[in-house]
Amino acid sequence: MTKLWGGRFQKSAEQWVDEFGASIGFDQKLVMEDIEGSKAHVKMLGACGILSEDDISLILSGLETLKGKAAAGELEYSAANEDIHLNLEKFLIDEIGPVGGKLHTGRSRNDQVATDMHLYLKNRVSEIITAINHFQQAIVEQAETHIETIVPGYTHLQRAQPISFGHHLMTYFWMLQRDKDRLQESMARIDVSPLGAGAMSGTTFPIDRQLAAEHLGFAGVYPNSIDAVSDRDFIVEFLSNASMLMMHMSRFAEEIILWSSEEFRFIELDDTFATGSSIMPQKKNPDMAELIRGKTGRVYGNLFGLLTTLKGLPLAYNKDMQEDKEGMFDTVHTLMGSLPIFEGMVRTMKVRTESMEKAVASDFSNATELADYLAAKGMPFRKAHDVTGKLVFTCIQRGYYLKDLPLEDMKAASPLLEEDIYETLQPRTAVDRRNSFGGTGFTQVRIQLDQAKTLIEK
Ligand code: ARG
């Protein structure tokens, strides 16, 4: 088959060589973006008097036909036509005749492919933001139900201080909020049009780049034609934001996995988000959470893959850059799979408040309360820490907890300790009294939830 660029060639490559160079196997995902880009380009050529009205309407109707066929899955792509851009141009010429060849006036595949990817990411990023919002909604619902559910809070995976389970869950809300903000802010770099940059240096035709950009709904155009076709920062930035988002989901997934173990028993995943074992009949595995944790690795890989591809590339376009797409598609696919799964998992999980209560009733996570009690009565905190530490040691030796320590032992450690210490040591009291701004006290968690709700409604 003769190539659309075949003029200066005497021989054609063999099929297996074509196949190696082709991107049609994956860039066909950009079919709609490519058609939209072509429509905007051709309308602009018309408005600038570069092509006649007759040519414009023929090309536009041809592109509409292709759009219908693409939607119906009727386009038969071929590796001989390399990529989505040449495949579509070939289809257009087949559809409307040689006039189809006028579409590429004042344009190159280099600005075309960059335009396609800007359009693609612009749409996908806003879908991802919506999916994060839904996930956050599920977190808020669970958190609201469990404002007054007390769990041990951990540092070093050792019980640290009792906290509200709602407060713990809301931590993930705020991580996701930052992820959403980052994606939103990255729009400033995504929502820019490279179209009209040509191969690298612009064009001799009197084009209007702003007009084409307006047709596509872009907020602006690249000021430098070489930058327009060489820049892939916006994809790296997306992959980096996606990696951060996956990292957050992976941390949450890890907790879901721990909490559903028999050792913690803090939650039970709904049957619809868990799996069984082919051999062990008793098993209920948190596969979905594990997969999200696992898929974090591939998204990091996509980020590092592209950074490495771009490192050392001279200006402007290089074929290496064709390697920018699969990682981007894979990352979008991974996020759009993981976010709704996580949302469903959180929305349907059963919180085992009884086990949580049992956990905080039998630990030393209230030791800070005792130290704070002494410090509030004037003992230097460092001394209070030591006195409390010694009482903890006594309890460990006797095999019980601070709340079981008789008042006479308390008083022997410090006369400042009085009967009301037992109320102070109650996990519920301990949590509710942490009423500093942003703390785990119930009032603070309610304030936090109110703020959070205004952020997802926006
Ligand atoms: N398939 C190519 C890519 O994805 C399109 C741009 C090709 N440009 C070129 N000069 N070969 O990067």
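None of the figures in this text is laboratory data; all of them are computed from the coordinates on show. All of these numbers come straight from a predicted model, not from anything done at the bench. Positions of Cβ are backbone-derived with ideal geometry, glycine not excepted, and every protein chain shown enters the neighbour counts.
The table below gives the values:
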quantity: Contact order normalised by residue count of the stretch 14-105, Cα under 8 Å, 6+ apart, percent; calculated: 42 percent
quantity: Selection from H156, G7, L86 lying farthest towards where the dipole of the chain points positive, charges on Cβ; calculated: H156
quantity: Local electrostatic count, G73, Cβ distance below 15 Å [Lys/Arg +1, Asp/Glu -1]; calculated: +1
quantity: Relative compactness, the chain, computed as alpha-carbon Rg over 2.2 N^0.38 Å; calculated: 1.35
quantity: 10 Å beta-carbon shell around M244, net charge (K/R +1, D/E -1); calculated: +1
quantity: Which listed pairs, of K29/K122; K69/K319; K11/K325, have C-alpha distances above 25 Å, in listed order; calculated: K69/K319; K11/K325
quantity: Helix runs (DSSP H) in the chain reaching 20 Å along axis by Cα, Kyte-Doolittle at least -1.0; calculated: 31-47, 53-71, 109-145, 165-190, 233-259, 287-310, 325-348, 381-398, 442-457
quantity: Residue-count net charge about K319 - beta-carbon cut-off 12 Å; Lys, Arg +1, Asp, Glu -1; calculated: -4
quantity: The chain, helix-only ellipticity at 222 nm - DSSP H runs n ≥ 4, -39,500 (n - 2.57), divided by all residues, nearest 500; calculated: -20000 deg cm²/dmol
quantity: Lysines whose Cα lies under 20 Å from that of K453, excluding same-chain neighbours fewer than 8 positions away; calculated: K180
quantity: Proximal lysines to K358, defined as alpha-carbon separation beneath 25 angstrom and excluding residues fewer than eight positions away on the same chain; calculated: K283, K284, K350, K390, K403
quantity: Spatial separation of Cα centroids for the stretch 68-132 and the stretch 305-343, in angstrom; calculated: 18 Å
quantity: Cβ crowding within 10 Å averaged over residues, with 373-383, 34-44, 428-438 ranked highest first; calculated: 34-44, 428-438, 373-383
